[in-house]
Structure formats: structure tokens, C-alpha cells
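Colleague: Would you mind keeping the following structure in view while I ask a few things?
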Amino acid sequence: MLVGSNKPYSSLPLVSSMFSLPLCFPSVVDSPSTPHGYGEGLYFSDGRRKVDYVLVFHQRRHNSLRSPASTSVFMELGYAGGNESMEPGDHEMRLIRQEFEANLQEAGLEIERDKEIKAHGPSFTRLHAPWPVLCREAEFLKIRVPTKTVVSEHPQESGFGSSMSTVWRKLNQPFQPKVPRQDQGRTKFLSHSFSREKLHLYNITSKETFFDNTTRGRIVYEILRRTVCVRTCQTIGISTLIAKGVYDAAFPLHDVSALSAAVLNLQGILHEEWARYSAFYKYQPIDLVRKYFGEKIGLYFAWLGVYTQLLIPASIVGIIVFGYGVATVDTNIPSLEMCDESLNFTMCPLCDGACDFWHLSTACGTARASHLFDNPATVFFAIFMSLWAVLFLEHWKRRQISLSFNWGLTGTEDDEVRAHTHTHKESLEHTSVSYNINTTWWFDKLTWKDRLPGYFINISSILFMFGLTFSAVFSVIIYRITISALMAMSPDPAIKSNVRVTVSATAVIINLVVILILDEIYGNVAVWLTELEIPKTDTNFEERLILKAFLLKFMNAYAPIFYVAFFKGRFAGRPGNYTYVFNNYRMEECAPGGCLIELCIQLSIIMLGKQLIQNNIFEIGIPKLKKLARAIKNKGSTEKEKEEGKPPQQWNLDYALAAFEGLTPEYMEMIIQFGFVSLFVASFPLAPLFALLNNVIEIRLDAKKFVTELRRPVAIRAKDIGIWYNILSGMGKFSVIINAFVISFTSDFIPRLVYQYMYSPNGTMHGFIDHTLSYFNVSNFKPGTAPHSSAHKDISFCRYKDYREPPWSTDAYQFSKQYWCVLAARLAFVILFQNLVMFLSLVVAWVIPDVPKNIVEQLKREKKLLVDVFLQEEKEKFQLIQSLFSKDNPLQAGRIASHQLSEELYCRSIHSCCSLFLHTPSLCIDGWMHMPMWHTVIRHSYCRFWSIL
């Protein structure tokens, strides 16, 4: 019963009868100053009941949440004249907490509070779920638990296969983590969704340990999520109360502090064998990660492990491609021609007025460096990486299905589908939607007209963010143009000679800083925009948030790279007719060796900078700064406890950790990295190598963060990585198009092929540089654009890189026939490359089945075994009832009753079995047909069952 109310909890809105079964538990336990019993810090003061969840609040003043009619409600509850010394905001929140916790007790949870509420600092409310509540919620959540039946997981191998498996296990042994049950044999327990009616089928050795701490925390969170506050604040769930400031935090406890455990428990094992940089060469204990953190986090680390492992062959091939460029740079004819001073290619000035004519041989270093990444092996590597992306996705699908089977998730639903509530205080204050107990039904009444303002703000904001990104890129372009012009006017020859290197390096660094700043802004904007859409469920909210954040961060990270790859130098014009910005500054051109080397520099610096600064320094530094701030904030209460000689409790230690904010940032940084590895890999073959080195550190960094730096997250059931797989698949297909255009239009691969097979007099690359340079008559310079003073005398013609008619032609400075031939070849290569790679990708996807063959066989075997278990159970019930009738009734009555009961029992048993496998009803019937002595009963029950269906 609620305090001051005559209505039982079961009559409150949104609470169905299944959640309000009459349970009698002690109301509240006040904790003494020091708990007793074993498991100190993880149990109630009696030392027996586990602390499954912790609620934290502070005694401090908040803005009033009181509605106009709330005063009368508080008077009715009898709390209006409670504590005169308490601030009104604190008093109001205390009432909300009291009602919420009373409703938790009505739902069956047991509560223990601190004996003394601190005037300053956090106060803790500890929750415990007794066995009846655990059983009720486990049945509702369809939690799969092991039965007593043991199923053979793998058939025993023999012969050559057994020998090879033994050899592989010995070779692989040093890379295996030292965790318990890693080599648990070839058997496992058959699992089934929990049911209170079938407790005798489960392997229950102890009610205290049957549900592990992860499952207990998940069950309590489900109760917290749906519990209502009706009379004080009209809200649902703990997340809304945290957003309103009623509670500061809510979290399950870590098993024990990983750094101080005398005996290594699950968290300690993860810390020793997983969350250490010294374990970088070992496999991850994914099963233990899943057991401790839940399936969703386990799938993230499994995906990250698969991605990192498959980066190894990509890195090896990339090193080979780069090595090929290094080995052939001294024999590359175009580079040798550019470095040959005897050819004396006099180039047109790089700027108007202040710049002089220059010799192409001065760009020798750029030409040689460009060959390292722009060589025939690059095309092979681009094709290889496109197929690698397909192979990675197919391999992950198989791995994901294997994990889903091993973790007992086949045939289950994900946990994410639930009514979404605001979790940000700013959203609660600014949105027009009030999230109360009527909001769930109000969601369904929203029409497109109600949602139209939110969609309009979303589209407008995203377009504005795109404009902001393009403005940032354009600003850097203006910086490059102006600084290049200013440095070219300098009288210092050293400054003039280093113009291109200085401008490119500083511009890329500016780009990197802008990207890092906008990334943080876009992440917060994406959350705000998603809240405006009023999504119905958490899954819907998460998917929309991911799409917005990915779209904004993708444009932010790749806009400068797209500019260099496809736009830089395309609109610069030609000598005598350049394109100008602000009527004074010429549009920038590519380096003499082409834009590919600049694309490589841009990609490498942005990729390495993001990984080093954002992914590592931010992940290490920011959590430590937040932890330091919380320690300073709670310094007074901590020192007081030390003076009183109280040891720190586990909930104090966990509250000092950072809150878990979801996996979206972790996935996002890896997805952006995947884009660096796949989209522009033709320009930077070493990208997979740097990604591999980063990920080896990233896995252990994330592991250490989850084990020691973050509060324990609530376990969430998930069968796959969700929308992230679709994003990866889309990026893999998009990478084929991008690499085709990079090879065709950014590199000189196609012009070389066209020259060698169409214009070369001897079929070699000799004369290629002269073929790509056009002539310009220096007398055709516009007034004021020719060099003011030149060290080169008697210059009549200068050269520039383009395919144009010479000045003595009737179509002077127009595109030449060679230009159109090269353009046609480039377009043809794009079409050929895309179709070839897409076809090979489809072949790879078709050859590799999504579900491993052994998983299919094990699924069939387990389903048959599960049917046999239930059939045996029904047979025993039937025999028991038949024996009772034979003792208590005459023979004829027993025969009649037996026939009637058998028909009913077997119809019910078939229904219960086949409802488990509704998609494969023949499997259930096949299992029955193995028992010929019941053919008559089977026939009647089978007909009755399928007539009902």
C-alpha cells in the first residue's frame, strides 16, 4: 500500500497484475554504521542478502518540480510539515523518493538505506531482489537458463583431423587467456527459457547463485524502469527521475574492486587476463566478458576482435604494396624524367606577379614520394581491400551467429524494445512533451502533423551542420591560398622553397583541430535532435541517434579528404585564364607529382591524429579528470569516514567511477576508422597497419575502462550489433565507388596506361612527362600577372600540366584529343572496376554461408533433445496419474478416465512442445513418432492440436 493511499499498488496505471503478485517482505532495513557478515560491501547489513542495485541521491536544493496542484498532494501524503530545516526542493524530492521506493517494495524488492542521511555528500539506497521476484521477472523476460540435461557440443574427431586439431591447440596455447572453464570439454547444458512451472528441470544447486549478479542486476533494472510515481511527479522509471535530479545515479555493483581482491573473482580475472596492455597478444575471453557485462557489450568486443584480427592480412598486403613502391622508385621512368635536369622543363609561375618561372626537376622529391603510393600495385590493393571488406562482414556474420548460439540467444528477442524516456535534463526542460504515466499511450496518438515541427528542425539543423562543415573546409582552403601567396612574395629564398610543405602541413593540422572540436559538438547536437523526434522505443531512439551522429561525423571527418581527392586543382584554370577567389587569389593547384601524394598526407595525419588524440588521449584523460573532480567534490565526506575508521564500501567505490554512457562512441570511432581503411585505401596502403596498431591498444584500453574506470553497466540482451552492420555494409559498397574514382581521377594510373598503349612510340613510358605538359605563350599573360622580375631570360613558352592545344594551334588552349581519350578511359575504368569488384563480392558472399554447418546441426540436435525432455516429463505425469486411477477406481472406470486424461495430457504436451518450435512443427511431431506405443493417443491429440491452430 502507498503511504497515505487506500489503493493497492496493483491498481496503479501501467502496472499489470503479473508485476504485483502479493508478496510479503520486510519494509525497510536501516543499515548500521558498519555492515557485518561475509562479502562486506556486496551484501545487506545481515550479510546474507545481496545488493543487486544501488540508488544514489544528494541532499541539495533543486528547482522545484512541483505542479500547481502538487501542494495538496503533499498535504494528503502527510509530509508537508516534515522537516522545517530542509529546503523546499529537497523536501519535495524526498517525497518523490519515498513514493518511488514504496512502489518498489510493492513490486517485491527489499530496500536498505543508510542510517544517517548526510547533510553533504551522497546517500545510498540498496536494493535486493528475493527469489520469488527473480523467478517472476526471469519468466517475464524469458531469460534462458541451463537445464539438467547435458548435450554433446562437438562430435569427437578422429584420424588426421584429430591430429591437426591437437597440433593447432598446442600452437595456439600461448595466445589463450588463463581463465577458468576455458577448456570445459565438449559438453554443455541444454538451455531453456525460465518457467516457474518447470523448476525441477533446471540445475538449481543454490537459489543464491542460480541467477548470477549480471542477471540479478538486469532484473532489478527492469523493475526500476517500469515503476511509476503517480501522486508526486507523474513519471515512469528511474531514468526520468535521474534526469529530473531526484536521484543522482543508479547502477549495479561491481563484484569487488579488481585492484584489491585477495581472491580473483570474475572481475579480477578480467582485469588480469583482459584489461592489461601486457595481454595484447592474447585472445579476448569473450564468454567471460559477456557473462560479466551482458551480451551487447560482449558482442562489441567480439566484433572489435574480429575486425582487428582481419586487419592483420590487410596490413601485410599493404606493407608489400608499399615495399613494391620503395623497390621500384629508382626504376620508375616518369619519376626519373621529372628529376632529369637535362630535359629542362620550364614551368609557368605558381602565383601572379611575385612568382618566377621554375624547373620541374626541383619537384623531384615529390615525384619520388608520389610513386611510393601511386604505382600499379595500388590498383591490386584497392581490389583486395574491397574484397576484404566483404570477407570481414561475412566472417562477422558467421561469428555473430556462433556467439548467439553459444550464448543461448537463438529464438529470443532483444531487450532494447521498450518505451523511450528522456534521460537528459535539458531535454525535459525544453521539449514540449511531458513524460508521465500517460505518455506511453500518447505516443500512439501522435500524427505526422504533431511530429512535423521536430522533423523540420531536424532537417534544418542537419543542413546547417553540413554548411558549417563545408564552411570550415572552405576557410582552410582560403588559408592555404592566402598563406601560399604571402610566402611566395617573401624575399627570403628559404621561405619560398618551402611554401608547399609548410602550407600543407599547417592546413592539415588546422583541419584536424576543427574536426576534433566539431565532433564533440555534433555528438551533442545529434542527441538533442533525436529527442525532438519523440521516438517510441529505446531501439528506435538509438538507431536514429546513430544515423544522425554518423552522418554528421562522417561529413566532418571526410570533407577535407574529399576536397583534396576530387576537387583540388580541378577548377584552377590555366595560365592566362586562372580562377580567382575574392578577385585576388588564385585557386590552388595540385603538386607536380599529382594530388595523390597530398591526399595521402591529408589522410594519414587526420587518421593518426584522431586515433592518437581523440581515441586514446581523450579516452584516458577525460575519465581521469572527471574522476578527480568527483573525488574533490566528495572530499569532505570521504575524510570524515576515514576519521571515523569506516572502510570504503563497494557502492562508494563504484559511485566514484564514471557513468556508462553507451556503446555508440566506441562503435563510432571504429566505424570512422573503418572508413579510413576502406574508402581511400588506394592512396594510403599503410592505413590498415596503423589501424591494427591502434586497435591492439584500443581493445585493452576499452577493457581497462570498462573494468576499472566505469560503473558496471546493466546487462542488455542482443543477438547482433544492430544498425552498425548496415552502416558497415553500406560503407563497404561505397568504398568500391570511391576507390574507383581515386584510381581513375586522382592518380596518374589511367593517363600512364593511355600513353603507353596509344601514344608511346615504342610502347614504354619514355616521354610520358612531356606528353602530359601543355605549352603556354608567355606573351598571353594578362597584364600584371607575369613575373615582375625573372631570373630566366628569353623565355617564350612555359609548360603546365594539362591536356590542351598549343598556342600555335587553331584551337589554342582548348582541350586536346588526348584529354578526351584519357577521360573516356577513366570513366570506362570506373565502370569496369565497380562491376568486377561487385561481382567478386557477390561470389565471396555466396561461397561463404551465413550460418556454419556445425551450428545448424547442433541447433537441430538441441531442438530434438529439448522435445524429448518435455515429452518424457509429460509421460511421467501420465504414468503417475494412471497409477493413481488404477488404485482408486475399478478397472473400467480407470480405463475410461485414463483414455480421457491421456488425450488431454498429450494434446497439451504437443501444444507446449510445438509452441517452442512454431517455425518447425514437423520436428516436434517427428520426436513423438519415435514412441510407437502411443500411436493412438498421438493421432487424436495431433488432430485436435492442429484443428485448434
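Colleague: Among the helices (runs of 4 or more DSSP H) lying completely within region 245-328, list those that include at least 2 residues that are over 28 Å from ALA718 (Cβ atoms) and either open to solvent by 30 Å² or more (accessible area, probe 1.4 Å) or modelled with pLDDT of 90 or more (or both).
Modeller: Output list reads 295-328.
Colleague: Within region 708-758, track down each residue that is in a loop (DSSP other than H, G, I, E, B) and either more than 23 Å from the chain's Cα centre (by Cα) or among the hydrophobic types (A, V, I, L, M, F, W, C) (or both). Steps first, answer last, please.
Modeller: First, pick out the residues of region 708-758 that are in a loop (DSSP other than H, G, I, E, B): 711-722, 747-748.
Hits for region 708-758 are VAL714, ALA715, ILE716, ALA718, ILE721, SER747, ASP748.
Colleague: Which number in (1) more than 16 Å from the chain's Cα centre (by Cα); (2) touching a residue at least 12 places away in the same chain (Cβ under 8 Å) marks the one condition that LEU693 misses?
Modeller: (2)
Colleague: Something else: Hey, among the residues in region 517-561 that are open to solvent by less than 40 Å² (accessible area, probe 1.4 Å) and not in a helix (DSSP H, G or I), which one's farthest from ILE727 (Cα to Cα)?
Modeller: ILE534
Colleague: Where residues in region 109-137 are in a loop (DSSP other than H, G, I, E, B) and at pLDDT below 90, which of them is least open to solvent (accessible area, probe 1.4 Å)?
Modeller: GLY121
Colleague: State whether the residues of region 336-349 include one that is at positive phi and at pLDDT below 85.
Modeller: In the first step, residues of region 336-349 are kept if they are at positive phi; the result is 344.
Right, trim to at pLDDT below 85 and you get 344.
Yes, because at least one residue in region 336-349 is at positive phi and at pLDDT below 85.
Colleague: Then there is this: Could you check PRO761 against (1) in contact with a Phe, Trp or Tyr (Cβ under 9 Å, 6 or more places away or on another chain); (2) open to solvent by 10 Å² or more (accessible area, probe 1.4 Å); (3) part of a loop (DSSP other than H, G, I, E, B) and say which number it fails?
Modeller: Single failed check for PRO761: (1).
Colleague: Still on this structure, please answer the following. Condition first: more than 20 Å from the chain's Cα centre (by Cα) and either β-branched (Val, Ile, Thr) or buried (at least 18 other Cβ atoms within 10 Å of the Cβ) (or both). Now tell me which residues in region 610-627 satisfy that.
Modeller: Within region 610-627, no residue meets the criteria.
Colleague: Name the residues in region 774-807 that are within 11 Å of THR346 (Cα to Cα), among the hydrophobic types (A, V, I, L, M, F, W, C) and surrounded by 18 or more Cβ atoms within 10 Å (Cβ to Cβ), would you?
Modeller: If the condition is that a residue be within 11 Å of THR346 (Cα to Cα), among the hydrophobic types (A, V, I, L, M, F, W, C) and surrounded by 18 or more Cβ atoms within 10 Å (Cβ to Cβ), then PHE776, CYS798 are the ones that fit.
Colleague: I would also like to ask the following. HIS359 fails exactly one of the following numbered conditions: (1) closer than 24 Å to HIS766 by Cβ; (2) open to solvent by less than 50 Å² (accessible area, probe 1.4 Å). What is the number of that condition?
Modeller: It fails just one condition, (2).
Colleague: Turning to a different aspect of this structure: Pull up region 199-244, narrow it to residues that are closer than 18 Å to LEU127 by Cβ and assigned to a loop (DSSP other than H, G, I, E, B), then point me to the one that is nearest to the chain's Cα centre (by Cα).
Modeller: ASP212
Colleague: When region 709-765 is examined, which residues are found to be under 18 Å from ALA825 (Cα atoms) and acidic (Asp, Glu)?
Modeller: The answer is ASP748, and nothing else.
The rows are residues; the columns are (1) at pLDDT 80 or above; (2) surrounded by 13 or more Cβ atoms within 10 Å (Cβ to Cβ); (3) in contact with a Cys (Cβ under 9 Å, 6 or more places away or on another chain); (4) more than 17 Å from ILE561 (Cβ to Cβ).
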residue: MET465; (1), (2), (3), (4): yes, yes, no, yes
residue: LEU468; (1), (2), (3), (4): yes, yes, no, yes
residue: PHE474; (1), (2), (3), (4): yes, yes, no, no
residue: ARG480; (1), (2), (3), (4): yes, yes, no, no
residue: ILE495; (1), (2), (3), (4): no, yes, no, yes
residue: VAL501; (1), (2), (3), (4): no, yes, no, yes
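Colleague: Consider SER386 against the criteria (1) buried (at least 19 other Cβ atoms within 10 Å of the Cβ); (2) under 22 Å from ALA572 (Cβ atoms); (3) hydroxyl-bearing (Ser, Thr, Tyr): it satisfies all of them except one. Which criterion is unmet?
Modeller: That leaves (2) as the condition not met.
Colleague: When the residues of region 362-383 are narrowed to those that are of a type in the set (Gly, Ala, Ser) and open to solvent by 30 Å² or more (accessible area, probe 1.4 Å), which ends up farthest from ILE316 (Cα to Cα)?
Modeller: So the first thing to find is which residues in region 362-383 are of a type in the set (Gly, Ala, Ser), and the list is 363, 365, 367, 369-370, 377, 382.
Checking the rest, the ones that are also open to solvent by 30 Å² or more (accessible area, probe 1.4 Å) come to 365, 369.
Working: GLY365: 26, ALA369: 21 Å.
Looking at residues that are of a type in the set (Gly, Ala, Ser) and open to solvent by 30 Å² or more (accessible area, probe 1.4 Å), I get GLY365.
Colleague: In region 827-842, what residues are β-branched (Val, Ile, Thr) and open to solvent by 60 Å² or more (accessible area, probe 1.4 Å)?
Modeller: Across region 827-842, the qualifying residue is only ILE831.
Colleague: OK, next. Is at least one residue of region 175-192 modelled with pLDDT of 80 or more and among the acidic types (Asp, Glu)?
Modeller: no
Colleague: OK, next. Across region 659-713, what is the total count of residues that are farther than 15 Å from TRP303 by Cβ, open to solvent by less than 10 Å² (accessible area, probe 1.4 Å) and among the small types (Gly, Ala, Ser)?
Modeller: So the answer is 5.
Colleague: Moving to a separate point now. Going through region 562-590 one residue at a time, which ones are among the aliphatic types (A, V, I, L, M) and either buried (at least 22 other Cβ atoms within 10 Å of the Cβ) or within 28 Å of PHE674 (Cβ to Cβ) (or both)?
Modeller: The answer is VAL564, ALA565.
The values are calculated or read from the model by the stated rules, or taken from the named source; none is laboratory data. Model, not experiment: these values are computed from the prediction. Neighbour counts run over all protein chains shown; Cβ positions are idealised from the backbone, glycine included. Ligands, DNA and RNA are stripped out before the accessible areas are found, and what is left, the full protein with its side chains, is counted by its heavy atoms. Shrake-Rupley method; radii C 1.70, N 1.55, O 1.52, S 1.80 Å.
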